[in-house]
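Data block below; observations after.
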Amino acid sequence: MNGATASCSVGVIVTITPDRAVLKPTQIDALAQAHLDGHATDAEVRFLETNQDAWVGSLWRLLDRAEEALASARTSVKGPARAHVLSDLDEDCFRIDAQLTALTGPARDDELLPLADLRDVEPEPRLPYVGTVQLQLSRTDGRIVAWAAGHNLRGEYHEDVLERVRALDGGAIEWDERATMKIPGSGRVSTLSAPVSSALGWLVALGDSAGDPSVGTSVTWMGQAAALAVELVAQGRVVPQLVQSKKRRKDPADANSGTFRLRWLPALVDSERLEPLAAAIPGAAMAGAREQDRTKFALAALADLTDAIVGVGAGQMEMPAAPPEVVTKNDVGETTLCHLDGTPFRAPTKLGGEVVRRLSQWGQSVIGAAERPLVVQLDPPDESDAWHVRVLAHNDDDGLDPVEVALAASSKSASKATAAQLARLERLFPQLLRLGGRRRGEVILSQDEAWDLMTVGGDTLKACGFEVRVPQLKRKKATASLRLTSEADETVVGAQQLADVRWSAVFDDVELTAAEIAQLAREARPLVKSRGTWVEIDKNDLAEAAAALAERADQTRLTGADMLRHALGLEGSPLSGGVNIVGGGWAADLLRSVESLPEEPTTTPEGFTGELRSYQADALAWLAFLDDAGLGGCLALDMGLGKTPTTLASIALSGQAGTALVIAPPAVVGNWASEARKFVPGVNVLVHHGGNRAKGPALGSAVRAADLVITTYGTAVRDMDQLSEFEWGKVVIDEAQAIKNPTAEVSQQLRRLEARTRLALTGTPIENGLGDLWSIMDWANPGLLGPRAPFIAQLTPATKGKAGGDGEDALRALNGILVYRRTKAEPAIAEELPDRIDELDHCAMTPEQIGLYQAVIDSLVVATSESEQGSNERKGAVLAAITALKQICNHPVNYQADDVGLDGRSGKLNRLNEIIETVFAADEKILVFTHFATWGEKLAAYLRERTGKPIECYHGGLSRGARDRMVDDFQSASGAGAMVLSLKAGGTGLNLTAANHVVLYDRWWNPAVEDQARDRVWRIGQKNTVICHRLVCPGTIDERVEEVVAGKRQIADITLPKSSSIGDLDAEQLQQALGIDTSQLLEMGSDDVVEVTA
């Protein structure tokens, strides 16, 4: 229940729900009188101030009574006491009048005239207190009654009451509108009534109606009573009772038979719930009810509600047919079971009465409010591991006595009640009847029985009204892990530091040796005490822990790198909790350093102009941890989340450690330089790129004078002989997927660079497979993660398409230690990004496209039939055909150039024109990505001529200056605009948030590449909703690519499958893999698009 209950000094229970009193007028009068007498408590004063209208009305009633008493005393009181009595009564009137003046203002002038002057003045009648018309609810005999009235106000008619009910969503209930009811202060009012069973859902919803001024407190009370009834039924705290309907005087039925029905009554209602509910009953709720005692009324209301709830539920069950004729007691029992929903049935009066009596005796001890319950107390095990359970009874001193003592020492009635409770408890918990206990109500339990009492049996006993006290318990099984305790004894510092180690198993926080595990394994229910709480250990975990310790028994000396690999899960662990390291040494100190990173690092670091976002500040703290540890890492913030400013902030902070070198793709070198000028103006930047770059001694001087050197991958490789001679403070590679192939020349050359720390930046740490991640991490920390093959094997999921146990956990473990990964999918980051809409547009094929497509397939079949299976010639022919087919899907001119115009020859081009027209109409901008640079130039020229807009094509053949100018013009131009970009050149490193529409004109096998292209627009700084269109020709190679991409997207966050070769496919398989699926193909005619069926 919502609200507060407090005892008043005048003996009234004040129950206050939000902004609403639930007291009778007589009770409010008592509070007002207590305030006048100076006896009101602070709570009572607050109550009166909160309910000022009721207070004023009460004062008027008190003043009327005081003036009547004064007038009566003037005529009836004689003798010497008369003066004192009249003075006291007059003083009462003045005190009440003074309080009214304080609340309502001074009296009118005519009210202040002397009595002598009032003889000829017509007295103005005092208006009685008038309340507010509100909807009220009461109950009587299984029906809910609705009416609307206010104090001294006439009640509303049926139609108005129904409108009030409908406003509270009660219109779906079938209300009876014929009845009226007499209400004190309002006369006879019109009412609506309905069975409680038909209004259950509505009533429960009314429990939160206290803030609605249109409803009275009785409405809220009924809702809260309904909620308690639902709770009682859900807990099983109901018992069935058979009741006989009263016969009518002229009942034509057989005198020896009667009508019976099953009624479900509340049982074991907690007094802590019942007493406040009864005390809070408003008078309006009891209007028309037979029960005028509050507790009896509350129980009767709960009985109506529980009976209705169970009856509705039982009515939805399929019941067996009742006996055709009830002639025996068994027939009565069977018929009762067939009418669990409370529908009435006929039975002989004598037989039915016997069942009524027996059910009443059976349920008598639990029906209604619960008595002071017996306590079932389970003590922790003693030195002999025995669990002792005792039954205790409350005594008059608020203490507890053994139940056997209570039975002997209590009064006869109390002893009888205790014996009845104990007998019921012994039926529910038969272990108490076991022989061997010291006294009745005490028994020794096995560990298995103790666990059952703590987990299952105890809840059952609580639901049955008993108090259960058991040791603290953790229901979730203990998490098992291995612990590696190290003790460094060498002066070598770093990953190669050797240390003596000891292995143990840990279950939550309980450390166990191999011997202790063996002892626990022999127990039927292994339990350990963890942080004062008992927890169960899975026997399978015990077996796996024993095997793991046995396997590692000879590993008593490890290097820091070995221990770190164990902690990261790269060496595997059979236990779900992995391996944790404690003690001393490099690895243990390193992991403690990670755990001690600041929770709220500064967002305005020294040397940085501007303010970092919270996740960037966290990343900066992680980079500082890497610098302190001398480790390399991978900053894998998602595209657009600010890897560049975060890295620049780190370079500014670590400037004393030596010059930093940033190696980036040519397209973003200018961005790095401009971002450095913007965010870290105190850092001296050297751009080492172009034909005029410094070389030889001049380069050495320039590097020594700079804090940050920025160059490209190509320049770095060409100048590696000289760059590798410098001792760099930090080497950073942007778009680190460039070194995903460890055997490529660029990967090999970059390993020659000497630096205190190495940092790889990428938004896609796993682009094509786990080998990418190993190549990046092995460059950042050579040799630390071990060989490539074991690394991939350990992280590869055990089941394709399903995240594997320790493989996924190990990859997650890298995050925050050697990898810092945050994505736009995280809610805290997504709040800073606009919504994104991805659309898949199916485009038609023109007859020209279809003919060219089929010709390529036919040529491929001939070419492959003339070459050996698996030969290089066949593989080359297949790859060439795939490229040609993708070009044909784009446009015939993309496949083979001609002098014919572009219009009307491609469904994709038609769809692109439609999209651009819509975008330009909204005065917005769009990016169009294609994998084919030559086609991109033709497409840009076509769109430029068609729209009259300066549309350019961004591709790798342009100079860096031309590309930078193109980006700046696009970003700064106002109004509608478009840009065509090569997927390879424009897919990384660019910030093009001026656009909020993206078209992927043709598809690429790798989803990460397409995501990078889309992220040119969908990144921080974007203020509009981003719409991304993917153009696909159904039934063609386009759709095959879409299927591959869709499949890879499901697991790209963990790993990407290896690409498979199609060089071994025969002619039929090639036709199936690459040919046209006519059932899916859309063919474009001269005027419209139609589906082509096979």
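What follows draws every value from the coordinates through simple rules; no lab data is involved. Source: prediction; values computed, not measured. Cβ: placed from backbone, ideal geometry, glycine included. Neighbour counts: every protein chain shown.
A compact table of results
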{"item": "The stretch 174-317: Cα Rg divided by the 2.2 N^0.38 Å rule of thumb", "result": "1.16"}
{"item": "Footprinting exposure proxy for HIS566, HIS842 (fewest neighbouring C-beta atoms within 10 Å first)", "result": "HIS842, HIS566"}
{"item": "Gain in span if fully extended, ARG358 to VAL327, counting 0.36 nm per residue against the direct Cα distance", "result": "9.4 nm"}
{"item": "Filtered GluC sites (Glu not before Pro), the stretch 692-767: DSSP coil and at most 14 other beta carbons within 10 Å", "result": "GLU725"}
{"item": "Fewest-first ranking of CYS843, CYS1033, using other Cβ atoms within 10 Å as the exposure measure", "result": "CYS843, CYS1033"}
{"item": "Label-point separation in nm, ALA789 to GLU318, each point 7 Å along Cα→Cβ", "result": "6.2 nm"}
{"item": "Violating pairs (Cα-Cα greater than 26 angstrom) within the set LYS329/LYS416; LYS678/LYS1023; LYS24/LYS296; LYS296/LYS462; LYS296/LYS416", "result": "LYS329/LYS416"}
{"item": "Full-stretch length increase - ASN872, ARG946 - with 0.36 nm per residue and alpha-carbon distance subtracted", "result": "22.3 nm"}
{"item": "Simple label model, 7 Å out from Cα along Cβ direction - ALA408 to SER614, nm", "result": "6.5 nm"}
{"item": "Neighbour-count ranking [beta-carbon atoms within 10 angstrom, fewest first] of ILE857, ILE733, ILE792", "result": "ILE792, ILE857, ILE733"}
{"item": "Loop sites in the stretch 586-695: GluC sites (Glu not before Pro), DSSP, at most 10 other Cβ within 10 Å", "result": "GLU599, GLU606"}
{"item": "Given charges at Cβ of Lys, Arg, Asp, Glu: the stretch 375-471 dipole, positive-most of ALA409, VAL389, VAL375", "result": "ALA409"}
{"item": "Packing-based ranking, highest mean first, of 39-45, 948-954, 992-998 given that Cβ atoms within 10 Å are counted", "result": "992-998, 948-954, 39-45"}
{"item": "Local net charge near PRO324, Cβ-Cβ under 13 Å (Lys/Arg +1, Asp/Glu -1)", "result": "-2"}
{"item": "Segments 265-275, 313-323 sorted - mean Cβ within 10 Å per residue, highest first", "result": "265-275, 313-323"}
{"item": "log10 of Debye I(q)/I(0), alpha-carbon scatterers only, for the stretch 375-471 at 0.10, 0.20 Å⁻¹", "result": "-0.25, -1.00"}
